[in-house]
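A.B. asks: Mind looking over this structure? Questions follow.
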Amino acid sequence: MHLNKNIIFDILVYIISFLFFATLIILLSGIFFQTSVHLFAKELKDAGLWNSIFLSFKLSFIVISINLIIGIPIAYVLSFKESKISFLLDIISTFPLTTSPLVIGFAVLITMGSLNPVGKFLIDNGIKFVFTPQGIVLVQLIISFPFFVNIVKTSFDSINRKMLDLSKTLGASSFDVLFRIIIPVSYNGIIAGLAMSWSRSIGEYAATQMVSGVIPKITETAPIEVFVKTSYGNYPAAVTIAGILMLISLFFLGIFKYFSYKIKTKII
Amino acid sequence: MKLLEIKNISKSFSNKKVLDVINLEIESGEISSIFGYSGEGKSTVLKIICGILKQDGGDVILNGKNINNLESCERRTPLVMDEPLLFPNMNVIENIEFGLKLNLSKRNSDNYNGKNKKLFYSPKEIMELLGITGLEKRYPGEISMGQAQRVSLARALIVNPEIILMDEPFSNLDIISKTKVRKLIKDINRELKISILLVTHDIEDVVNLSDKMFILNDGKIQDSGHPKEVLKKPSSIDTAFLLGTENILNGIISETDRRNNTIKIKVKDRNGDKEAGVIIEADFQGNFEAGEQVFLAVRPEEIIILREDRDVSKPVRENRFSGKIISSIFTSRMMEISIKSEENLELKVLIPFHAYEVMNLFEGKTVNVSLKKSSIHLIKKKKTVKNPVFT
């Protein structure tokens, strides 16, 4: 009797999961049926397409490099320096995740504009964030760093505190502890965090468009190009870029999942 | 020579006082133990010594130098804990060399090895001493718990400390590894002349290893001295309980006689209300007066069950009782026997298993027991008793 119930349970969960996956695949792969191999290959030869993809790669690479430099100290503070403001810091560093990217882009646009004292000061000193690649880096950083910080923090959280205390009694300074133990032990988490924040940054559209000004070759990233091509009615080009973006995401998601599974099986 | 001094250390955690003005002195070259119930702040003492925790008040003095303001990494007081806590990203040899690499720069500039002590043992020598040669390239997940604990010891030794702090280093080891590691600790102490401060809740560890023991109870050091002395002569009833002295009787001193080396005590019944009608004689112990209320502590292994087939020698004629065996339990090494005397006193006795068999003992049998005068230790009845005596 129990066995039968269990079989029914299994069938139910499999059916629901399968239906969901099938729908998702049909929805997303739809774009590939709107084109032909011939058209796809033809569009691949378009220099503008590669320009936008290259720009997206370049900017997102800068974004994750900055993430790596500032994200590790932030994750360290959140994970190891527990204090009364930890909760507040956690909220601030996760906030961009729960806010519309459009709103973030809009906020940066306003703050960095010439009417705002901060923006005015920077512009007067020759630093421009509106309609420039550095503006794109800034908004993508704000949007992608919570992914990096949260994954790295989770990874740091799983490190045995007693082990770190013990290493100090062997003569390790805080620098030694970070570089010789914490980072090497969290290697998988850091890679997973980078993959996640990279794919978030390379696919970012709303906030990017707010500050980019859509200047071809300078601020026109791949997702913006998809929108621009669609609005001109150039579907084959839009489909090609969208397809490539999707494959890139899939690739990095694969890396992320691979390493996060490794973290799970290697909890110390 | 004094190596480590703890002076008036106090520590509270969220208003709960864990350490209440603790004083310890550890001699160079000795193994000392801090013994007490779990959760009494034993580990806190170690953490304060090595600088992981900051004390609320008091001083830690190492080699005559106050190290209160030194960071953990500057104190050279390595810690070995109950788990090996090896770094999972390094293999065995990298784990062992961890402290060596960090200290390499300090090693040349420091002159702390001015004494004629051998300078820094090589990882190879240490691995040989601890019997872990051959494991160099293995990762922590690939070796046994006992081996890992030895690697952890090697990792502490490599920084050439004068003292190693050990926090329950045996609690996760099986009995064979435990015996091995205990022996290694003795070897380290003897051959490398490294002092050891051990924290444990296992009296076996204390008796086996240490030259001096401190009993930490209620945030205070209640007793200290050579383990055998402390074990035989606990200074308070709390200590007696902690040390597993199960035979504690209530009594009132009826007579003290220094010349004949005797104190006579009228023993009360189990509740301590009425006199049981028994007088026990003990060796003379100072500071007791006739009419004083006392506790009598006798360790279960000191009580003798008399053989029926032999004449009794002099010591076993002292304090003789007759009683019935009401229970006998086989523990891993000894038989634990409860005997109820005709006067309604209950005594716990430990005897070797073969003796139990040879003497043909069994539950319900009536036997004669003797409490040697020298085995009876008197404790003044003044302190409040933490655990009720008879429950």
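The values are calculated or read from the model by the stated rules, or taken from the named source; none is laboratory data. As the structure is a prediction and not an experimental result, all values here were calculated from the model. Note that each Cβ is placed from the backbone with ideal geometry, even for glycine, and that neighbours are counted across all protein chains shown. Side chains included, ligands, DNA and RNA excluded: accessible areas come from the protein's heavy atoms. Shrake-Rupley method; radii C 1.70, N 1.55, O 1.52, S 1.80 Å.
A.B. asks: If a residue has to be more than 8 Å from chain A (Cβ to nearest Cβ), part of a loop (DSSP other than H, G, I, E, B) and open to solvent by 50 Å² or more (accessible area, probe 1.4 Å) to count, how many in segment B:59-73 make the cut?
C.D. replies: Summing the residues that are more than 8 Å from chain A (Cβ to nearest Cβ), part of a loop (DSSP other than H, G, I, E, B) and open to solvent by 50 Å² or more (accessible area, probe 1.4 Å) in segment B:59-73 gives 3.
A.B. asks: Could you please let me know if B:Glu142 is open to solvent by 80 Å² or more (accessible area, probe 1.4 Å), among the acidic types (Asp, Glu), at pLDDT below 90 and more than 30 Å from B:Tyr37 (Cα to Cα)?
C.D. replies: no
A.B. asks: For segment B:14-46, which residues satisfy the criterion of being open to solvent by 70 Å² or more (accessible area, probe 1.4 Å), of a type outside the set (S, T, N, Q) and either in contact (Cβ under 8 Å) with a residue 24 or more places away in the chain or within 14 Å of chain A (Cβ to nearest Cβ) (or both)?
C.D. replies: Passing the criteria: B:Lys17, B:Val21, B:Tyr37.
A.B. asks: Hey, can you tell me all the residues within segment B:345-384 that are hydrophobic (A, V, I, L, M, F, W, C) and in a loop (DSSP other than H, G, I, E, B)?
C.D. replies: Within segment B:345-384, B:Leu345, B:Met359, B:Leu361, B:Phe362, B:Ile376 qualify.
A.B. asks: Do we have B:Ile376 as crowded, with 19+ Cβ neighbours inside 10 Å and closer than 16 Å to B:Ile263 by Cα here?
C.D. replies: So B:Ile376 passes the test.
A.B. asks: Which ones in segment A:214-256 are open to solvent by 60 Å² or more (accessible area, probe 1.4 Å), free of Cβ contacts under 8 Å to residues at least 40 places away in the same chain and over 26 Å from A:Phe131 (Cα atoms)?
C.D. replies: Those that are open to solvent by 60 Å² or more (accessible area, probe 1.4 Å), free of Cβ contacts under 8 Å to residues at least 40 places away in the same chain and over 26 Å from A:Phe131 (Cα atoms): A:Leu247, A:Leu250, A:Phe251.
A.B. asks: Related question: Do we find a residue being assigned to a helix (DSSP H, G or I), more than 18 Å from B:Lys178 (Cα to Cα), at pLDDT 90 or above and of a type in the set (A, V, I, L, M) anywhere in segment B:95-102?
C.D. replies: Yes, that holds for at least one residue.
A.B. asks: Would segment A:55-71 turn up any residue that is farther than 30 Å from A:Lys153 by Cβ and out of contact with any strand residue (DSSP E or B) (no Cβ under 7 Å at 6 or more places or on another chain)?
C.D. replies: yes
A.B. asks: Could you tell me which residue of segment B:74-96 is surrounded by the most Cβ atoms within 10 Å (Cβ to Cβ), considering only residues that are within 21 Å of A:Ser186 (Cβ to Cβ) and facing another protein chain (nearest Cβ under 9 Å)?
C.D. replies: Among them, the one singled out is B:Leu86.
A.B. asks: So which pairs qualify, if the first residue must be in segment A:156-170 and within 7 Å of chain B (Cβ to nearest Cβ) and under 11 Å from B:Leu86 (Cβ atoms), the second must be open to solvent by less than 40 Å² (accessible area, probe 1.4 Å) and assigned to a loop (DSSP other than H, G, I, E, B), the Cβ gap must be under 6 Å, and the two must be at least 6 apart or on different chains?
C.D. replies: Sorted first by the residue in segment A:156-170, then by its partner, the pairs are A:Met163/B:Leu85; A:Leu166/B:Leu85.
A.B. asks: Select from segment A:20-36 the residues that are in a helix (DSSP H, G or I), open to solvent by less than 100 Å² (accessible area, probe 1.4 Å) and without any contact (Cβ under 8 Å) to a residue 60 or more places away in the chain and list them in ascending order.
C.D. replies: Selection gives A:Ala22, A:Thr23, A:Leu24, A:Ser29, A:Gly30.
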